[in-house]
Amino acid sequence: MNKQILKFSCIATAIALVSCQGSVKKEEGAVLNAGFNMENMDKTVKPTDDFYQFVDGNWIKNNPIPASESRWGSFNELNEKNTAKLKVILENAVADKEALPGSNSQKIGDFYSLAMDSIKLNADGASPLKEEFETIEKIVTKDDLIKTVAHLHSIGVSALFIGYVGQDPKINTLYIPQLYQGGISLPDRDYYTNTDERTLGIQKAYLEHVTNMFKLLGDKPEIADKNAKTIFSIETNLAKASMTNIELRDPEAQYNKKTFDELSKLTPSVNWGAYLSGVGVTKITDVIVCQPEFFQEIYRSIDKVSISDWKTYLRWTLIDQTANKLSDDFVNEQFKFNGTILMGTPALKLRWKRALEATDGSLGDALGQLFVEKHFSEDSKKRVAEMVENLIAAYRVRINSRDWMGEETKKQAQTKLDKVMKKFGYPDKWKDYSSLDIKRDSYVQNFMRANTYSFKEMINKLGKPIDRAEWGMTAPTINAYYNPSMNEIVFPAGIMQPVFFNPEADDAVNYGCMGAIIGHELTHGFDDQGAQYDADGNLKNWWTKEDLERFKVKTDMLVKQFNDYVAIDDLHVKGELTLGENIADLGGLTISYYALKKSLEGKPVPEKIDGYTAEQRFFMSWAQGWRINMRPEYLKNMLQTNPHSPGNFRANGAPSNMQEFYDAFGVKEGDKMYRPKAERAEIW
């Protein structure tokens, strides 16, 4: 099974948070970081009209997007610092002549070294994939096709669909095989089904891109052109049968448990026995088919598409998903479409940055362990853990104060909050890479070996107890997440450092920044998706009918609010797609505000710093966190595919629903940030 679908919600796809500069004196001469560079603000704009522009306007104007990026925010600024640290670790590993064979240092050093060897990469071209292409060419029957799909899944190539082993959503003490829609190369099904001018332009460019890739593989121009049309036809049929990204937000609709016999009857042309044995799964009784209609289309397609065309499709899938590990001609063609046309990015990232990202993706725990040893502060871990407890305490109070929620539902919510598992910094147990052989022969083959290691690790979970110590992100990652099946919040070491958490800054800045992140992840347990999972992480309703109806009335208000935001041209934010993240933003910011107020009790607090009260700086820290410049192409793709709203709407959206923000800045009727009380979404 190809890769695990990680069912957790993050603070952002790319987090952008506060840049802490400036200082202020506090008790007994101690100096605290004030958390703000006042020059970033645009004071010609009233905070009551456009809070985002007021806080970030000059930063936005003075920080153009570098040529190698599709967007640029304070996340990227921190990421530059983080990658510089990781680069030193990797270069030291490459230079370490005394690294023991099989050690983590040897493995990350060899992996990175080959990724950096442009001379070898360009000399090899696509030749390291020769055996894989030969395997595809040997396909004769439908069963051969399914066996080859299984093989490709085992080396990390998502062909036709996605198979993985994960927790049973309704019996989360068990691992179970699961089948998930996939098989398309464009970012979303709508790129195949929509007929607007932009989409038609992307479809045309995609066909040209696929044609060019086949030419690079040695196909004659007329054959390459024919192959591209074959690919688009197969993928379009798969896309039409796929759930939309909004439909995919309904976990109940995707819980379709079937016996092996029922699966075979659902898709008669698919030899699932051949697939399962091909991926190393034996003796199963049940499987979850997340999108039955999609898999019915697979069996229809297997019947009507020729074996020759399926071989063309698999050739494309293989080269599409490995091109960035090959010679420059493949890398540049891949970037021209995926980077420039889809995202508007003019220039490719420097090779070392691409190599670093790939090393983290394939050997994340090996790299993360070295990162933590050199750059992680245990004091930050302790301080963040304290903030988490303060946020949970504030959440308990807020749950009890909800007048729209009955006592029985409140009791269940409190139980769920009590059972939240908390992970900070890095795993208690690092992955053991002893069975993974990293060589100095081929970058793409090392990539596939690492995928095979991860794949086997996943398959071997079947029949074993749930690994509650497992992490879904690597330690250097600058992000955080909530996993509903585990009922856990996770904060990697990468996010527990300035600018996200700054032990030198005052409470207002840290609660507006890190506190809101903590609150955001906690609230994912109570957003429209997370609220469908109980305290133990099972997909099970714990709400009364009346409370659930009242909850939906409130969340529908957020859907409407964000539907009304126009991001670019005539394109609106999708309120339904972004609902979970918008609930988490509003809940997280609200809970963090009250945790801040509690933390300040009994402390000497300056009346103002740089002319602003603690309450004002709290909200300013939030808004400053979402500052970002985005290329138009990136923004349009984000609106279509991303469950997060653009930064400016996140900065303004949550505060515009909070009376605490109105009180802090004196927002009144007639101001552009003002919403009538009846139209404010007060949920958590």
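Quick notes on this one:
- D188 among the acidic types (D, E) and farther than 20 Å from E247 by Cβ: no
- On inspection, A253 fails the criterion of being out of contact with any strand residue (DSSP E or B) (no Cβ under 9 Å at 6 or more places or on another chain), free of Cβ contacts under 8 Å to residues at least 24 places away in the same chain and crowded, with 17+ Cβ neighbours inside 10 Å.
Residue by residue, here is whether (1) within 23 Å of D556 (Cβ to Cβ); (2) crowded, with 24+ Cβ neighbours inside 10 Å holds:
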site	(1), (2)
W622	no, yes
W626	no, yes
M630	no, yes
E633	no, no
T641	yes, no
Q659	yes, no
R675	yes, no
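- Selection count, the stretch 239-269, where residues are in a loop (DSSP other than H, G, I, E, B) and closer than 16 Å to Y533 by Cα: 3
- Flag for T282 being of a type in the set (S, T, N, Q), on the phi < 0 side of the Ramachandran plot and assigned to a helix (DSSP H, G or I): no
- Of all residues in the stretch 520-539, those that are under 24 Å from Y593 (Cβ atoms), in contact with a strand residue (DSSP E or B) (Cβ under 9 Å, 6 or more places away or on another chain) and part of a helix (DSSP H, G or I) total 7.
- Test: residue in the stretch 160-172 that is aromatic (F, W, Y), surrounded by fewer than 17 Cβ atoms within 10 Å (Cβ to Cβ) and either touching a Pro at 6+ places or on another chain (Cβ under 7 Å) or outside any helix (DSSP H, G or I) (or both): no
- Here E98 passes the criteria (1) on the phi < 0 side of the Ramachandran plot; (2) touching a Ser or Thr at 6+ places or on another chain (Cβ under 7 Å); (3) not in a helix (DSSP H, G or I) except the one numbered (2).
- Test: I591 is buried (at least 21 other Cβ atoms within 10 Å of the Cβ) and either within 20 Å of F665 (Cα to Cα) or charged (D, E, K, R) (or both): yes
- Looking only at residues of the stretch 65-95 that are touching a strand residue (DSSP E or B) at 6+ places or on another chain (Cβ under 9 Å) and in a helix (DSSP H, G or I), we find that the one that is nearest to Q624 (Cα to Cα) is S74.
- Residue selected from the stretch 441-473 under the condition among the β-branched types (V, I, T) and either in the same structural domain as H644 (by TED's automatic domain parsing) or assigned to a helix (DSSP H, G or I) (or both), by the criterion surrounded by the fewest Cβ atoms within 10 Å (Cβ to Cβ): T452
- Filter pass, W316 being under 28 Å from the mean Cα position of the chain (by Cα) and within 24 Å of S127 (Cα to Cα): yes
- Cβ pairs under 9 Å, 6+ apart, first in the stretch 636-648 and over 24 Å from S621 (Cβ atoms), second of a type in the set (F, W, Y) and surrounded by fewer than 22 Cβ atoms within 10 Å (Cβ to Cβ): none
The values are calculated or read from the model by the stated rules, or taken from the named source; none is laboratory data. Not measured: the values here are computed from a predicted model. Ideal geometry is used to build each Cβ from the backbone, glycine not excepted, and the neighbour counts take in all protein chains shown.
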